[in-house]
Amino acid sequence: MNALLLYPRFPDTFWSFKHALRFIRKRAALPPLGLLTVAAMLPHAWEKRLVDTNVAELKDNDLTWADIVVISAMVVQQQSAHELIARCKHAGKKVVAGGPLFSGAADQFDQVDHLILNEAEITLPLFLEDLAQGRAQHVYKSDQYADLQTTPPPLWSIANLRRYATMSIQYSRGCPYDCDFCNVTALFGRKPRTKSTGQIIAELNHLYDTGWRGPIFFVDDNLIGNKKELKTSLLPALIQWRKHRRGCVFNTQVSINLADDQPLMDMMAQAGFDTVFIGIETPDHDSLVECSKVQNENRDMVADVKRIQRAGMQVQGGFIVGFDSDHPSIFQRQIDFIQKSGIVTAMVGMLQAPPGTRLLDRMRREGRLLGDSTGDNVDGTTNIAPRMGLKALREGYGRILSQIYSPQNYYQRIRTLLREYRPPKIKSPLGLQRMLAFPRSAVRLGIIGRERLHYWKLMSWTLLHRPRSFSHAVTLAISGYHFRRVCQAHVM
């Protein structure tokens, strides 16, 4: 059996880093971790071929070769997924699909022959057994949660790692919190489940043995969901691993209460984590209560962010406008918070109600549901009717993006960050393309770009005051170019 593993294209989004990747000659930010993990679950005797359409073209001979096509996707990839499925069916191929997009909207994919929903560790073996006996069903689903210690390592051998800027790895699934706009708990539950430390070290060793020395993203929705296991097992093992391995900095997603635990922050920095993404959402207390973001309530989040930065981790942040409790003042309050905190990478979106969320159920009951969510956090859309009115929300949202991603404010935030940030002492080889990023940025941003004055002021200031952070300043300047392009395309 020849299995073609097919990954749809991402549109130009905040997290695609499409415009920034050109500076380091990479084609995509991350490989399709879920699909590569599924590949490892397929029968060993099958031949497997990966086509990630973000880095390579799907060719006719790929479809001719395939006996079966396995496709996985997130919601934001839905347009490309529909196009690829139609092309596969036109070629007469049997299509098997799974992942978040299909688990949340299975009824929208009539052309798919077999839907493998929820967690593949449970539903995929059922399909494979029925397929072998010639009785495969249309839908396989389960409300059970998988034991991640049975999850095989991704099949990296079928991916061209040189085309990606960052590798990815998964330690846990699930989150102890239950924010009403988030579908993580609907998909994975509130009790975090983890792989064993041995599994993670083995996966890291395999990546290292391939020659990878770049960033690695722990894709967990909340890495610190099980603090005890993290502090007593994984982090000590990562600290030991780093003593014998050069390079490979880590980044991940956590909740704001990381700032309450100085020993945990110190361990994460020592283990090699230099960046964390946190769902800040809003500085408004009533809106936090409204969406059940209990972990963010009653705290000085600017002080929390700076504490994490001083511990050696850059904080990226997610922000939302459009809560029922939001007043017209929220737009300026968001701008002020972002600027004061030094959160350079600030993803600001209009509130959306994804499938499986309590927010979706409430909007449907109240007759305020306008359609499906796009899965794109920064495209200037919402699928709910906001209390403040759609026109006011869009105008205020556009003002936030035009302010925080103006060259003056963006470069000021970089300096605010670097004044607090203490980068870990990690010897990480840059590689030729990353070394060339500075001269390329000097030309595109420092000579051609309208931000050239701010660019050179930042580079000069960094060399004078924070020379160890110079590569971070270059990276953030390049990222800003991407963010402005994306924001200008949608709302600025």
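Only one of Ile278, Ile343 is under 19 Å from Phe218 (Cβ atoms), surrounded by 23 or more Cβ atoms within 10 Å (Cβ to Cβ) and β-branched (Val, Ile, Thr). Can you tell me which? Can you show your working first?
Numbers: Ile343 fails: under 19 Å from Phe218 (Cβ atoms).
Among Ile278, Ile343, only Ile278 is under 19 Å from Phe218 (Cβ atoms), surrounded by 23 or more Cβ atoms within 10 Å (Cβ to Cβ) and β-branched (Val, Ile, Thr).
Need the failing condition index for Gln488 against (1) out of contact with any helix residue (DSSP H, G or I) (no Cβ under 6 Å at 6 or more places or on another chain); (2) within 26 Å of Pro424 (Cβ to Cβ), just the number.
(2)
So, in the stretch 337-385, how many residues would count as being under 28 Å from Leu117 (Cβ atoms) and part of a helix (DSSP H, G or I)?
8
Looking at Gly99, Gly134 in this structure, which one is within 22 Å of the chain's Cα centre (by Cα), modelled with pLDDT of 95 or more, at positive phi and small (Gly, Ala, Ser)?
On the way: Gly134 fails: within 22 Å of the chain's Cα centre (by Cα).
Every option except Gly99 fails the conditions.
Given the structure, is Ile158 free of Cβ contacts under 8 Å to residues at least 40 places away in the same chain, over 21 Å from Gly279 (Cβ atoms), of a type in the set (A, V, I, L, M) and touching a Leu at 6+ places or on another chain (Cβ under 9 Å)? Walk me through how you get there before you give the answer.
Values: free of Cβ contacts under 8 Å to residues at least 40 places away in the same chain: no; over 21 Å from Gly279 (Cβ atoms): yes; of a type in the set (A, V, I, L, M): yes; touching a Leu at 6+ places or on another chain (Cβ under 9 Å): yes.
No.
So if I check each of Ala106, Ala91, Ala40, which one is surrounded by fewer than 19 Cβ atoms within 10 Å (Cβ to Cβ), farther than 19 Å from Val139 by Cα and within 23 Å of the chain's Cα centre (by Cα)? Steps first, please.
Numbers: Ala106 fails: farther than 19 Å from Val139 by Cα; Ala91 fails: within 23 Å of the chain's Cα centre (by Cα).
Of the residues listed, the single one that is surrounded by fewer than 19 Cβ atoms within 10 Å (Cβ to Cβ), farther than 19 Å from Val139 by Cα and within 23 Å of the chain's Cα centre (by Cα) is Ala40.
Consider Leu128 carefully, then state whether it is touching a helix residue (DSSP H, G or I) at 6+ places or on another chain (Cβ under 7 Å), modelled with pLDDT of 95 or more and either under 23 Å from Asn383 (Cβ atoms) or not hydroxyl-bearing (Ser, Thr, Tyr) (or both). Lay out the reasoning, then the answer.
On the way: touching a helix residue (DSSP H, G or I) at 6+ places or on another chain (Cβ under 7 Å): no; modelled with pLDDT of 95 or more: yes; either under 23 Å from Asn383 (Cβ atoms) or not hydroxyl-bearing (Ser, Thr, Tyr) (or both): yes.
Here the answer is no, as Leu128 does not meet what is asked.
May I ask you to list pairs of residues, at least six apart or on different chains, whose Cβ atoms are under 9 Å apart, with the first in the stretch 14-29 being closer than 19 Å to Phe218 by Cβ and the second being among the basic types (Lys, Arg) and outside any helix (DSSP H, G or I)?
That search, which allows pairs on different chains as well, returns Phe17/Lys26.
When only residues in the stretch 185-202 that are of a type in the set (Val, Ile, Thr) and in contact with a helix residue (DSSP H, G or I) (Cβ under 7 Å, 6 or more places away or on another chain) count, which is surrounded by the fewest Cβ atoms within 10 Å (Cβ to Cβ)?
First, the residues of the stretch 185-202 that are of a type in the set (Val, Ile, Thr): 185, 194, 197, 200-201.
Now narrow it down to the ones that are in contact with a helix residue (DSSP H, G or I) (Cβ under 7 Å, 6 or more places away or on another chain): 194, 197, 200-201.
Details: Thr194: 22, Thr197: 19, Ile200: 22, Ile201: 15.
Per the criteria, the residue is Ile201.
Of Glu129, Glu83, which residue is within 30 Å of Pro11 (Cα to Cα) and acidic (Asp, Glu)? Break it down into steps so the answer makes sense when it comes.
Numbers: Glu129 fails: within 30 Å of Pro11 (Cα to Cα).
Result of the check over Glu129, Glu83: Glu83.
Can you name the number of the only condition in (1) closer than 18 Å to Phe102 by Cα; (2) of a type in the set (S, T, N, Q); (3) not in a helix (DSSP H, G or I) that Ser168 fails?
Single failed check for Ser168: (1).
Could you please give the count of residues in the stretch 84-107 that are without any contact (Cβ under 8 Å) to a residue 24 or more places away in the chain and part of a helix (DSSP H, G or I)? Don't jump to the end; show me each part of the working.
Applying the first criterion (without any contact (Cβ under 8 Å) to a residue 24 or more places away in the chain) to the stretch 84-107 yields 89-90, 92, 107.
From the residues that got through so far, the ones that are part of a helix (DSSP H, G or I) too are 89-90, 107.
The number of residues fulfilling the criteria is 3.
Note down all Cβ pairs under 8 Å where the first residue falls in the stretch 398-417 and is assigned by TED's automatic domain parsing to the domain that holds Ala477, the second is part of a helix (DSSP H, G or I) and among the hydroxyl-bearing types (Ser, Thr, Tyr), and they're at least six residues apart or on different chains.
That search, which allows pairs on different chains as well, returns nothing.
Out of the residues in the stretch 173-211 meeting the condition of being free of Cβ contacts under 8 Å to residues at least 40 places away in the same chain and among the hydrophobic types (A, V, I, L, M, F, W, C), tell me which one is farthest from Thr282 (Cα to Cα).
Top of the filtered list is Ile200.
With respect to Gly380, is the statement that it is within 27 Å of Tyr411 (Cα to Cα) and either surrounded by fewer than 18 Cβ atoms within 10 Å (Cβ to Cβ) or not polar (S, T, N, Q) (or both) true? Outline the logic, then answer.
Numbers: within 27 Å of Tyr411 (Cα to Cα): yes; either surrounded by fewer than 18 Cβ atoms within 10 Å (Cβ to Cβ) or not polar (S, T, N, Q) (or both): yes.
So Gly380 fits the description; yes.
May I ask you to say which residue of Met301, Met313, Met347 is at pLDDT 95 or above and closer than 20 Å to Asp379 by Cα? Give the steps one after another, and end with the answer.
Numbers: Met301 fails: closer than 20 Å to Asp379 by Cα; Met313 fails: closer than 20 Å to Asp379 by Cα.
One residue alone meets the criteria, Met347.
Answer yes or no: is there a residue in the stretch 412-431 that is over 24 Å from Lys26 (Cα atoms), touching a His at 6+ places or on another chain (Cβ under 8 Å), buried (at least 16 other Cβ atoms within 10 Å of the Cβ) and among the hydroxyl-bearing types (Ser, Thr, Tyr).
Among the residues of the stretch 412-431, at least one is over 24 Å from Lys26 (Cα atoms), touching a His at 6+ places or on another chain (Cβ under 8 Å), buried (at least 16 other Cβ atoms within 10 Å of the Cβ) and among the hydroxyl-bearing types (Ser, Thr, Tyr), which makes the answer yes.
State yes or no: is Gln111 in a loop (DSSP other than H, G, I, E, B), polar (S, T, N, Q) and either crowded, with 22+ Cβ neighbours inside 10 Å or in contact (Cβ under 8 Å) with a residue 12 or more places away in the chain (or both)?
Working: in a loop (DSSP other than H, G, I, E, B): yes; polar (S, T, N, Q): yes; either crowded, with 22+ Cβ neighbours inside 10 Å or in contact (Cβ under 8 Å) with a residue 12 or more places away in the chain (or both): yes.
Yes.
Considering only the stretch 69-86, state which residues are in contact with a Leu (Cβ under 7 Å, 6 or more places away or on another chain) and under 27 Å from Ala132 (Cβ atoms). Working first, answer last.
Taking the stretch 69-86 and keeping what is in contact with a Leu (Cβ under 7 Å, 6 or more places away or on another chain), we get 69-75, 77-78, 81, 84.
Within the stretch 69-86, Val69, Val70, Ile71, Ser72, Ala73, Ala81, Leu84 qualify.
The values are calculated or read from the model by the stated rules, or taken from the named source; none is laboratory data. Keep in mind it's a predicted model, so treat the numbers as computed, not measured. Cβ: placed from backbone, ideal geometry, glycine included. Neighbour counts: every protein chain shown.
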